[in-house]
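Engineer: Once you've had a glance at the structure underneath, I'll fire off some questions.
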Amino acid sequence: MFKHIIKLRVRYSETDKMGVVYYGNYPQYFEVGRVEYMREMGVVYAELEKQGILMPVVNLEIGYRAPGLYDEELTIETWIEKLPTSKIIFNNKVLGEDGRLICEGKVTLVFVNDKFKPTQPPLIVLEALKSKGVS
């Protein structure tokens, strides 16, 4: 299974008064992982949008396990377990510098056309995922 891994350093503005990553920032970290996952497969969000395909988030699940801290380098892992239909589910893990699990989550997006009607995933997405072993 293909996993995309990216590292991000926690900025001061992303923390609360205790120096802990504010919980609402993790969906943004997931988004960085998701966009770069797609880019590494050769699929660029901006290109899909030019073709009239949009991908709004329709569900987000997060389980928090440990705090991420100011100036810590986090590892964001992103992967897809099965081929999409009109929806695509991205799985995420955020790990601390010492390898501890900080949080994990799933983000569900739906492929829609420019009228926000669900549509099938573009062929380029399916082919890219298949080439990475997703079935």
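The values are calculated or read from the model by the stated rules, or taken from the named source; none is laboratory data. Predicted model only: the values in this text are computed from it and were never measured. Neighbour counts are summed over all protein chains in view; Cβ atoms, including those assigned to glycine, are modelled from backbone coordinates with ideal geometry.
Engineer: Show the residue pairs meeting these rules: Cβ distance below 6 Å; 6+ apart or different chains; first residue within the stretch 1-21 and of a type in the set (S, T, N, Q); second residue surrounded by 16 or more Cβ atoms within 10 Å (Cβ to Cβ) and at pLDDT 95 or above.
Structural biologist: Partner pairs satisfying both residue conditions: T15/V21; T15/Y70.
Engineer: Among the candidates L95, L123, L74, L129, single out the residue that is among the hydrophobic types (A, V, I, L, M, F, W, C), without any contact (Cβ under 8 Å) to a residue 24 or more places away in the chain and within 23 Å of I6 (Cβ to Cβ).
Structural biologist: Details: L123 fails: within 23 Å of I6 (Cβ to Cβ); L74 fails: without any contact (Cβ under 8 Å) to a residue 24 or more places away in the chain; L129 fails: without any contact (Cβ under 8 Å) to a residue 24 or more places away in the chain.
Just a single option satisfies the conditions, and that option is L95.
Engineer: I'd like the residue in the stretch 106-135 that is of a type in the set (K, R), in a loop (DSSP other than H, G, I, E, B) and loosely packed, with under 13 Cβ neighbours inside 10 Å and, out of all such residues, is modelled with the highest pLDDT.
Structural biologist: Let us first name the residues in the stretch 106-135 that are of a type in the set (K, R), namely 106, 115, 117, 130, 132.
Filter once more, keeping what is in a loop (DSSP other than H, G, I, E, B): 115, 117, 132.
When the remaining residues are screened for being loosely packed, with under 13 Cβ neighbours inside 10 Å, the result is 115, 117.
On the way: K115: 94, K117: 97.
Selected residue: K117.
Engineer: Hey, another quick one. Among (1) at positive phi; (2) within 12 Å of the chain's Cα centre (by Cα), where does V32 come up short?
Structural biologist: The failed condition is (1).
Engineer: In the stretch 52-71, how many residues are surrounded by 18 or more Cβ atoms within 10 Å (Cβ to Cβ) and over 17 Å from P27 (Cβ atoms)?
Structural biologist: 1
Engineer: Out of all the residues in the stretch 1-21, which are surrounded by fewer than 15 Cβ atoms within 10 Å (Cβ to Cβ) and more than 12 Å from the chain's Cα centre (by Cα)?
Structural biologist: If the condition is that a residue be surrounded by fewer than 15 Cβ atoms within 10 Å (Cβ to Cβ) and more than 12 Å from the chain's Cα centre (by Cα), then M1, K7, R9, R11, Y12, S13, D16, K17, M18, G19 are the ones that fit.
Engineer: Checking V32 against (1) hydrophobic (A, V, I, L, M, F, W, C); (2) surrounded by 12 or more Cβ atoms within 10 Å (Cβ to Cβ); (3) over 30 Å from D114 (Cα atoms): exactly one of these is not met. Which one?
Structural biologist: The failed condition is (3).
Engineer: Next question, about the same structure. Check L83, L48 and return the single one that is touching a helix residue (DSSP H, G or I) at 6+ places or on another chain (Cβ under 7 Å) and in contact (Cβ under 8 Å) with a residue 12 or more places away in the chain.
Structural biologist: Unique residue meeting the criteria: L83.
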